[in-house]
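K.L.:
Handing you this structure, nothing more for now.
Every number here is computed from the coordinates shown, using simple stated rules; none is lab data. Because the structure is predicted, anything quoted here is derived from the model rather than measured. No Cβ is skipped: glycine too gets one built from the backbone with ideal geometry, and neighbour counts run over all protein chains shown.
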Amino acid sequence: MGIKRDIKLGLRMLREVANSRRAQSSLAAKLLEQGPLEPHRFRIGVYFADPKVNIYQMRQWYKPLAELSKTWPVLLLSRASGSAITLLNEAPLPVAYVRKVVDLERIIHEQDLQIIFYVNQNAKNFQMMRYGRRWHVFINHGESDKMYMTTNQFKAYDYALIAGDAARSRLDKVLWDYDFDKRAIPIGRPQADHYSGEVPYVPDERTVVLYAPTWEGDRAAAAYGSIASHGVPLVQALLATGRHRVIYRPHPRSGVVDDAYGAANAEIVRLLAAANASDPRAQHVHDTGGELGWQLSAADVAIVDISAMVYDRLASGKPLMITRPANPAAEIDTSGYLSACEWLTVDEAGSIVDLVDGLAHDDDARARLDFWVERYFGDPTPGAATRRFHEAVSHLMDEWDRFAAIHAADPEIDDHDADGEAEEEHLPAPE
């Protein structure tokens, strides 16, 4: 048995090496196609150390960053080959592949990066954050009331661009001795000014319901996913009416930890396909696309889990329901919007049709929604968040100029490790 296991392990390693070499070859071709980066052009870097499974964290920033780059050129910095290939294929911005720390150092010396944005809390962020004389700014990959949003890691960054008053209040409870007035800059939700994508069906009289669950989470406290608890009866009930259209957008990591989530996800996909085969006019959608925007604006009602999708939808100002986690250990911050949202329990999932129909005509729910939109995102007027985003960056650029003048006479600092050698990463496994 041990020999067979070793053989299987050896074959797996050979396949991984072959896949990695193919990925590196494909990446090299893509970088050659992009061409060399113009020296000293880029003022802003967006650092992304995650594999491509988390590329959704970058996608929502594509259009806001592309608009920003018209004023301050933006460069995407990818540490993983799979992510770099995906970014080169789809992002509207130039990409630098910085697998090794020495590659980071080369970019630092070749470009004039004054601001570095971070969309998540990857441990490798610290390999970038060791470079001073620039602002390290956490912009996150969405607004939510998940425990992730109150981490003390916010203090590691020079600044954080937050959505609004709710984010500040949430952080104020956990960040001791933190200068919110200086370091936490509210900008709203600039992504809401750039809803993207084409509606993949012909609109008609059907009520469109977006069901966008998150994944199962890697621990009980973060077990917010509803696919295995709510998903199948919820979708079955909506499909049965003949007057609802379902847009199903599962989290890309659904099922990676718990097979039950993967099985429920597969069953929902099967139900949608069967319903479309039975009635092609239904045009139900299994959405796995990279663009997020048309779903939020097209849906009459959205059903989402506790995740950034709550606040992506909230920013649209349109009706939504939140699934209450089946796991009693899941941590729920009920001090914000979740204290007044429209909850959907496991027991109510099969009654979703009546709940959806009632929500569309509930004046009290509408008033609550309007209050929380303002609380979380400030002025919801189209274009207002983009303006605030650009104003925040302009402020940081002015601050950079001010401190650069103060420290103009300071000697250059060697950014290498203490032993004089630049740290390098191992060749990544295929993603």
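K.L.:
On a full-extension model of 0.36 nm per residue, what is the gain between R243 and T381, subtracting their alpha-carbon distance, rounded to one decimal in nm?
P.N.:
Roughly 46.5 nm would be gained on extension.
K.L.:
Would you work out the charge dipole size for the chain about its Cα centre, treating the Cβ of every Lys and Arg as +1 and the Cβ of every Asp and Glu as -1, and quote it to the nearest 20 debye?
P.N.:
Approximately 1020 debye in magnitude.
K.L.:
Would you mind checking which residues have amide H under 5 Å from Q111's amide H? H placed 1.01 Å from N; only 5 or more apart, or other chain.
P.N.:
For Q111, whose amide H was placed from the backbone, the distant partners under 5 Å are H40.
K.L.:
Tell me the net charge near S394. Cut-off is 14 Å between Cβ atoms, S394 excluded, with +1 for each Lys or Arg and -1 for each Asp or Glu.
P.N.:
Around S394, the charge tally is 0.
K.L.:
Let me ask something additional. FRET efficiency for Y131 and A326, Cβ-Cβ distance as r, R0 = 51 Å, nearest 0.05?
P.N.:
Between Y131 and A326 the formula returns 0.70.
K.L.:
Among 220-229, 277-286, what's the highest-first ranking by average C-beta atoms within 10 angstrom per residue?
P.N.:
So the peptides 220-229, 277-286, ranked by packing, come out 220-229, 277-286.
K.L.:
Now for a separate question. With the dipole of the chain worked out from charges on the C-beta (+1 for Lys and Arg, -1 for Asp and Glu) around the Cα centre, which of W176, H141, F154 lies farthest toward the positive end?
P.N.:
Highest projection toward the positive end goes to H141.
K.L.:
Report the paramagnetic label zone for F403: residues of the range 158-179 whose backbone N is under 13 Å from a point 7 Å from Cα along the Cα-to-Cβ axis.
P.N.:
158-160
K.L.:
Return the FRET efficiency for the residue pair V53, V199: r is the Cβ-Cβ distance, R0 is 22 Å, and the value is rounded to the nearest 0.05.
P.N.:
Once rounded, the FRET efficiency stands at 0.25.
K.L.:
What helices does the chain have that are whole DSSP H segments, at least 30 Å long along their own axis by Cα, and with mean Kyte-Doolittle hydropathy of 1.6 or more?
P.N.:
What comes out of the filter, once short or polar helices are dropped, is none.
K.L.:
Something else about it: Assuming R0 = 30 Å, what is the FRET efficiency of R22 and E90, from their Cβ-Cβ distance, to the nearest 0.05?
P.N.:
For R0 = 30 Å, the calculated efficiency reads 0.95.
K.L.:
Calculate for the chain the 222 nm mean residue ellipticity that helices alone would give, adding -39,500 (n - 2.57) per DSSP H run of length 4 or more and normalising by residue count, nearest 500 deg cm²/dmol.
P.N.:
-12000 deg cm²/dmol
K.L.:
Can you tell me the relative contact order of the range 207-377? Whole percent, Cα pairs under 8 Å, sequence separation 6 or more.
P.N.:
28
K.L.:
Counting pairs of alpha carbon atoms under 8 Å apart in space and at least six apart in sequence, what relative contact order in percent does the chain give?
P.N.:
Normalised by residue count, the contact order of the chain is 18 percent.
K.L.:
Please work out whether the range 23-188 counts as rounded, prolate or oblate from its C-alpha gyration tensor, where a ≥ b ≥ c are the square roots of the eigenvalues and a/c under 1.5 means rounded, while otherwise a/b larger than b/c means prolate and anything else oblate?
P.N.:
Here the range 23-188 falls in the prolate category.
K.L.:
Quote to one decimal, in nm, the extra length available between I3 and K182 on full extension: 0.36 nm per residue of separation minus the C-alpha distance between them.
P.N.:
58.3 nm
K.L.:
Would you mind putting 118-128, 73-83, 357-367, 58-68 in packing order, based on average other-beta-carbon counts within 10 Å, highest first?
P.N.:
Final packing ranking: 73-83, 58-68, 118-128, 357-367.
K.L.:
Could you tell me which of the pairs K70/K182; K70/K318; K52/K100 are separated by over 29 angstrom between their Cα atoms in the structure shown?
P.N.:
K70/K318
K.L.:
Once fully extended, how much extra length lies between D279 and L37, figured as 0.36 nm per residue of separation less the alpha-carbon to alpha-carbon distance?
P.N.:
82.0 nm
K.L.:
Something else: Roughly how many debye, to the nearest 20, is the charge dipole of the range 23-188 about its Cα centre, given +1 on each Lys and Arg Cβ, -1 on each Asp and Glu Cβ, and no other charges?
P.N.:
Around 260 debye, computed over the range 23-188.
K.L.:
From the Cα gyration tensor of the range 207-377, with a ≥ b ≥ c the square roots of its eigenvalues, which class applies: rounded if a/c is under 1.5, or else prolate if a/b is larger than b/c, or else oblate?
P.N.:
In terms of gyration-tensor shape, oblate.
K.L.:
Next question, about the same structure. From the convex hull of the Cα coordinates of the chain, what is the mean projected area in square nanometres?
P.N.:
24.7
K.L.:
Check each of the GluC sites (Glu not before Pro) in the range 143-214 and keep only those in coil by DSSP with at most 16 other C-beta atoms within 10 angstrom; list them in order.
P.N.:
Within the range 143-214, the qualifying GluC sites (Glu not before Pro) (loop, at most 16 other Cβ atoms within 10 Å) are E198, E205.
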